[in-house]
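Peer 1: Following this message is one structure expressed as C-alpha cells.
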Amino acid sequence: MAKFTQLEKERIKKELFEVAYRFFVEKGFKSTSLEDITSSVGIAKSTFYVFFQSKEMLYMELLSHEGEQIENQVWPKVLAAEDIRSAIKIYLDEMALELENKILTQRLIYDLEEYKLVSRKLNPEYVGSENLRSITPLMDFIRSRQDSKEIIDEEPSVIAGVLRAALLIGSQKGDLLEYNYEMIRELLFEAVADRITRSYLV
C-alpha cells in the first residue's frame, strides 16, 4: 500500500469528500459505487480504507459536516430573536433556506430511505449518537423555553415533530409553485409559530 505524506493525506481526504458528496447528491448513496469515488480521485480501492472505514462512514461524515454548517447558520439567529414566536419563525425560515442547498440533510428531512440504507450497516451506537447530536440543540431549546413557559406544555419530541412536519412542505415545492408556494409556506410557518407559542391567543 502506498505511503503518503501528511500533505498528500490531507489533499486526498479533501478530494474524497468533494467527489463523494457530488456523487451522493447526483446519484444517491445506493447508486454510487466505491469505484466511482476512488477512480475519480485517482486512488486504489484499498487506499480508500486508509481514510474511511466504509462508504457508509464517509456518507455519515458528510452528513455530519452539513449538520454543523446548518447549526452555525441557524442557531445564532434563533437565539438572537426578540421573542419566542420570532425564534420559532426564524428557525423554520432559516432551516427551509438551508435545506435548499444541504441536499443530504434535505433527504434526511424529506425522505428517510437513503439514511436507513446507510445506517443499517453502521454500529447502532454510532448512528444513535449522530442522531442525538443533530437533534440535541432543538430539544434543548424547546425544553428551556417550556421551563420559562414560552412554549406549550407538550412532549418536546411532539413539538420537534411538528417543526419537522412543517419543513416537509419543501418537498412539495414543485407541486405548489403554481399556487404561490412562498405564501403558502409563509402562512404555514406563521401558524405553527403561533400555535406552539400560544401567540394566537393574544
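Peer 1: Any idea which of Glu68, Glu61, Glu94 is at pLDDT 95 or above and not β-branched (Val, Ile, Thr)?
Peer 2: Glu94
Peer 1: Return the pair list, or none, for Cβ contacts closer than 8 Å from residues in segment 142-167 that are assigned by TED's automatic domain parsing to the domain that holds Trp75 and of a type in the set (Lys, Arg) to residues that are surrounded by 12 or more Cβ atoms within 10 Å (Cβ to Cβ) and not in a helix (DSSP H, G or I), at least 6 apart or on different chains.
Peer 2: Qualifying pairs under 8 Å: Arg145/Ile151.
Peer 1: Same structure, new question: Among the numbered conditions (1) modelled with pLDDT under 80; (2) surrounded by 15 or more Cβ atoms within 10 Å (Cβ to Cβ); (3) among the hydrophobic types (A, V, I, L, M, F, W, C), tell me where Trp75 comes up short.
Peer 2: (1)
Peer 1: With Ala80, Ala20, Ala44 as the choices, which residue is under 23 Å from Ile151 (Cβ atoms) and of a type outside the set (D, E, K, R)?
Peer 2: Step by step, each of Ala80, Ala20, Ala44 is checked, and only Ala80 is under 23 Å from Ile151 (Cβ atoms) and of a type outside the set (D, E, K, R).
Peer 1: How many of the residues making up segment 186-198 are hydroxyl-bearing (Ser, Thr, Tyr) and either within 22 Å of the chain's Cα centre (by Cα) or outside the structural domain of Asp111 (by TED's automatic domain parsing) (or both)?
Peer 2: Of the residues in that region, 0 qualify.
Peer 1: Run down Lys3, Lys45, Lys30 and say which single residue is modelled with pLDDT under 95 and within 25 Å of the chain's Cα centre (by Cα).
Peer 2: Testing whether each residue is modelled with pLDDT under 95 and within 25 Å of the chain's Cα centre (by Cα) leaves just Lys30.
Peer 1: Another question, if that's okay. Looking at Phe51 and the list (1) aromatic (Phe, Trp, Tyr); (2) free of Cβ contacts under 8 Å to residues at least 40 places away in the same chain; (3) surrounded by 14 or more Cβ atoms within 10 Å (Cβ to Cβ), which single condition is not satisfied?
Peer 2: Evaluating Phe51 over (1) aromatic (Phe, Trp, Tyr); (2) free of Cβ contacts under 8 Å to residues at least 40 places away in the same chain; (3) surrounded by 14 or more Cβ atoms within 10 Å (Cβ to Cβ) leaves (2) as the failure.
Peer 1: Limited to segment 155-185, what total is found for residues that are more than 21 Å from the chain's Cα centre (by Cα) and loosely packed, with under 15 Cβ neighbours inside 10 Å? If you could, list the steps in order and put the result at the bottom.
Peer 2: If we filter segment 155-185 for residues that are more than 21 Å from the chain's Cα centre (by Cα), which is where we start, we get 155, 175-184.
Those left that are additionally loosely packed, with under 15 Cβ neighbours inside 10 Å: 155, 175, 177-180, 182-183.
Result for segment 155-185: 8.
The values are calculated or read from the model by the stated rules, or taken from the named source; none is laboratory data. Please read these numbers as outputs of a predicted model, since none were measured by experiment. Here the Cβ is made from the backbone with ideal geometry for all residues, glycine too, and neighbour counts use every protein chain on show.
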